[in-house]
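Student: One structure, pasted below without further comment.
The values are calculated or read from the model by the stated rules, or taken from the named source; none is laboratory data. The structure presented is a predicted model; accordingly, all values stated were derived computationally and were not measured. Glycine gets a Cβ as well: all are built from the backbone with ideal geometry, and neighbour counts include every protein chain shown.
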Amino acid sequence: MKTPVVFSLVREQSAFMTAIMALLTFLSVIALGVAIAIGSGVARWNNQWELMATVQVMPGQSADTAQKILNANKDKIASIKKVSADEMTELMSPWISGGGAAMKNYLPEMYEVKVNKKSDMKFLADKFAGNARFLSHASALRGATGAGWRMIGIAGLILAMALGAITVCISFIARNTAQLHRRELEILNQVGARDDFVARQMQIIVGKISITAAFAGFVAAAPVLLLILSAAHHARVGLMAMMGLGAAAWIVLALMPVGITVFAIWITRRTTLKMLQNT
């Protein structure tokens with residue numbers, strides 16, 4: 001036979017708690033999803049460029065020396081592409097006023113190099129020291145990677161704040177409910193009800209509300225995350241275009257509302273038992 005709940009939240013409390021839990025779940029899922037998406041973007045970004053480098057022979061430096069170094073170390077190089085002056089002029093055209101023809105005399109002779117492994121990058125950098133400018137793509141794009149990690153930190157902070165707000169709200173609701181039902185609690189104590197029994201009543205109430213709110217928050221957050229990813233992919237270039245959520249990421253996000261519900265039930269039990277022990 002199903003055990004009836006001894007007392008419950010008043011209607012206003014239930015509506016408030018459902019709304020605030022849904023909102024906090026929404027923010028938590030969004031924050032976690034953005035953090036995972038940016039993290040995957042940073043990983044793909046680094047994997048894409050960590051073996052790529054540019055050799056720039058500046059005016060006044062010997063192009064023949066640079067070419068000899070490249071030829072002597074072909075066993076460490078997967079591919080070499082020489083960038084023509086016309087290609088460099090076309091790339092720089094948005095930042096050059098009055099046409100790029102006059103810039104051709106000032107542009108370096110440039111090679112795009114892909115090495116076989118990361119250790120070869122340092123070896124070639126040492127070889128080109130003083131002979132040409134050797135710039136790895138990963139170091140050149142370190143600013144974008146750093147911005148990605150800062151964005152992950154911000155998303156993590158928002159997630160922590162949302163979970164903290166859930167803790168405060170659940171604790172407040174548990175304490176407030178106990179105050180409203182003080183008479184019922186006194187009767188339960190007089191008839192010998194254990195604290196675990198009273199805490200279980202609160203857990204049932206909060207659990208039902210949390211399940212409803214967490215589901216609503218996740219359902220609202222999922223299309224927003226898809227919209228964010230769609231906007232990022234339309235950028236087509238840069239770190240944002242690398243962002244993505246795989247199947248494992250969506251599983252983690254789906255477990256987030258479950259974790260929030262379990263966390264809310266645990267906080268309710270902890271707060272209720274602590275409060276009963278102090279009365």
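Student: Every residue in segment 213-238 that is surrounded by fewer than 16 Cβ atoms within 10 Å (Cβ to Cβ) and within 17 Å of T25 (Cα to Cα), please.
Tutor: F215, V219, A220, P223, V224, L226 - these are the residues of segment 213-238 that are surrounded by fewer than 16 Cβ atoms within 10 Å (Cβ to Cβ) and within 17 Å of T25 (Cα to Cα).
Student: Okay, next question. I'm trying to understand the selection: among the residues of segment 251-279, which are without any contact (Cβ under 8 Å) to a residue 60 or more places away in the chain and under 30 Å from P223 (Cα atoms)?
Tutor: Residues satisfying the conditions are I251, A254, L255, V258, G259, T261, V262, W266.
Student: With respect to A199, is the statement that it is modelled with pLDDT under 85 and buried (at least 17 other Cβ atoms within 10 Å of the Cβ) true?
Tutor: So A199 fits the description; yes.
Student: Of all the helices (runs of 4 or more DSSP H) wholly in segment 2-114, which have at least 3 residues that are modelled with pLDDT under 80 and on the phi > 0 side of the Ramachandran plot?
Tutor: Counting at least 3 such residues, we get no helices (runs of 4 or more DSSP H) at all.
Student: Answer with yes or no whether A138 is at pLDDT 75 or above and under 28 Å from G244 (Cα atoms).
Tutor: no
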